[in-house]
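Shown next, in structure tokens, is the structure this report addresses.
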Amino acid sequence: MAIDLHKKPFDEGTIVKLSLYENYMQEWLPVFLRKGSNFRRINIFDFFCGPGKDDKGQKGSPLITLNILDQYLEDIERLGITVSLFFNDKRKTKIKKLKDQISFSYPNKIPCEISYSSENFEDIFNKLIHFMTERSSANFLFLDQNGIKHITEEIFKTIVNIQTTDFLFFISSSTLSRFNENPEIKKYLHIPEEIISSSDYCHIHRSVLKYYRSLIPENREYYLCPFSIKKGANIYGLIFGTGHLLGIDKFVNQCWKIDPHTGDSNFDIDNDQIDENQLSLFPEIDRPKKVQGFEKELKDAILSGNLKTNIDIYKYSLFNGFKAEHARKVLSKMIKDRILPHQKLNVSYGSCKLGNQPQKIIIGPK
Ligand SMILES: C[S@@+](CC[C@H](N)C(=O)[O-])C[C@H]1O[C@@H](n2cnc3c(N)ncnc32)[C@H](O)[C@@H]1O
């Protein structure tokens, strides 16, 4: 049986997980809570919500969400947008504690609808799905499961096909590294053994991402981004998903704020051993391998003609978990090194806005 995370103080890994959730939610909400928004309903589903706090009173995901919403009270009322929160936890006692906690912390009327339930995830997901598919609804799903079994192929594919729906799920990736072939695990996930066995232990969550990516239908433009979290010897991780470029842009940026070296973990995932306090004489040694690899691959992709426009470069960066800023640096260097002629390419979210024509990359003459 899983250890109850709320009966002790949240550990460092849990704090990183909740920070990413909080930081992204801070960015996600205002996208929809603005004048002229086409969305009349915002739904936030916290399917494994817990009781609201750890045993030292640190806020868990439901109270984090309410805290953020508190900043938008006026906007919500002024704009007449309905915000609905769905809090579910299989354990009734946790939902009872959460209800008490919310009525204590927010004695005045909260400008959103809150619905509580104590059901098994799959059951409640199927009951609530009609809210997600309603026209003019924007959805966020937080799936903070304990182990590996709830985000099955079927659930994942269902979520990916719902419009304007971002999600963040947690998974115990090293469990898959150890027990992928176990029939108990195979009941839920069918990860090809070569994906798992070809992965370094530290990179196991990146490999789990590859598996989920392989489930996205070919005709669907959809972005996933991983963040690996080490707790003791175990590796867990978050996977974020969105069908929208602005969503992936915002999430990738948040990841790099937490991890300025590789943007995807709370530990030295590539064994770069960079000591910020003692940088070496050779700057290349202090540059993370992942960044060097990306710079080389992006340069090759531009020169080989695989990427043809500014928008291709922008999407390529985000798809690989890099910020637009990383790509811009590569372009500047290529121009400085006279590999590309000088050209003002706009590599940013702004370049993809409706009405903007893609800019063709000019390759040579220097
Ligand atoms: C990792 S905790 C979630 C923590 C929460 N996000 C927070 O910030 O406090 C996982 C929660 O899932 C609940 N849970 C376990 N199995 C479940 C299931 N099958 N369906 C729904 N909830 C479940 C547990 O009771 C536990 O509170």
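The values are calculated or read from the model by the stated rules, or taken from the named source; none is laboratory data. Keep in mind that what you see is a predicted model, and the values were worked out from it rather than measured. So basically every Cβ, Gly included, is an ideal-geometry build from the backbone, and we count neighbours across all protein chains shown. The accessibility values were calculated without ligands, DNA or RNA, using every heavy atom of the protein model including side chains. Shrake-Rupley method; radii C 1.70, N 1.55, O 1.52, S 1.80 Å.
Tabulated data for the structure shown
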| read-out | value |
| --- | --- |
| Three-way shape label, segment 91-151, alpha-carbon gyration tensor, a/c 1.5 | oblate |
| Where the chain is the region considered: accessible area per residue in Å², 1.4 Å probe | 50 Å² |
| Mean residue ellipticity (222 nm) of the chain, computed from DSSP H runs ≥ 4 via -39,500 (n - 2.57), nearest 500 | -12500 deg cm²/dmol |
| Cα gyration tensor shape of segment 46-184, rounded if a/c is under 1.5, else prolate or oblate by comparing a/b with b/c | oblate |
| Relative contact order (%) - criterion: Cα under 8 Å, at least six apart; region: segment 81-205 | 20 percent |
| DSSP beta bridge pairing in segment 25-115, given as percent antiparallel to the nearest 5 | 10 percent |
| DSSP beta bridge pairing in segment 5-258, given as percent antiparallel to the nearest 5 | 40 percent |
| Percent RCO, i.e. relative contact order, over segment 170-213, from Cα pairs under 8 Å lying at least 6 residues apart | 41 percent |
| Stretch gain in nm, segment Y349-S103, where the contour uses 0.36 nm per residue and the Cα spacing is subtracted | 84.5 nm |
| Prolate/oblate/rounded label for segment 244-366 (Cα gyration tensor, a/c 1.5) | oblate |
| F319 accessible area, 1.4 Å probe, all protein chains in place, Å² to nearest 10 | 90 Å² |
| Residues in segment 134-161 that a label on N234 would reach, taking backbone N under 19 Å of a point 7 Å out along Cα→Cβ | 143-152 |
